[in-house]
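Working notes, structure below.
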């Protein structure tokens, strides 16, 4: 169940990123992967579902594993996608988009 939730979380956010349109050239895969994380809001809804008794213990565990999986997987995938893209370094926050000549 947790694997299915993780796959659905990744596929749905990547699909949403691919549907993004802009006048400027945009790395739509990076947009989708950037939206993939489900941190606080996932834990908040998990807590609410647990308190109200709506979720079974196995579903609680599956949702928690999905939240943890997307939280740790998103930065790794973003780093890989951005490294192949237009930025020369593996930085997730590119401060410059052009290389600076060294020694000048």
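Brief remarks follow.
- Options 73, 80; residue that is exposed (fewer than 15 other Cβ atoms within 10 Å of the Cβ) and assigned to a helix (DSSP H, G or I): 80
- Residues in segment 1-41 that are under 29 Å from residue 59 (Cα atoms) and outside any helix (DSSP H, G or I): 1, 35, 36, 37, 38, 39.
- Selected residue (only one of 59, 90, 80 is at pLDDT 90 or above and within 22 Å of residue 13 (Cβ to Cβ)): 59
- Looking only at segment 46-70, residues that are in a helix (DSSP H, G or I) and either surrounded by 15 or more Cβ atoms within 10 Å (Cβ to Cβ) or on the phi > 0 side of the Ramachandran plot (or both) come to 14 in all.
The values are calculated or read from the model by the stated rules, or taken from the named source; none is laboratory data. Nothing here was measured: the structure is a model prediction, and the numbers come from that model. A quick note on method: Cβ atoms are made from the backbone with ideal geometry, for glycine too, and the neighbour counts reach across all protein chains shown.
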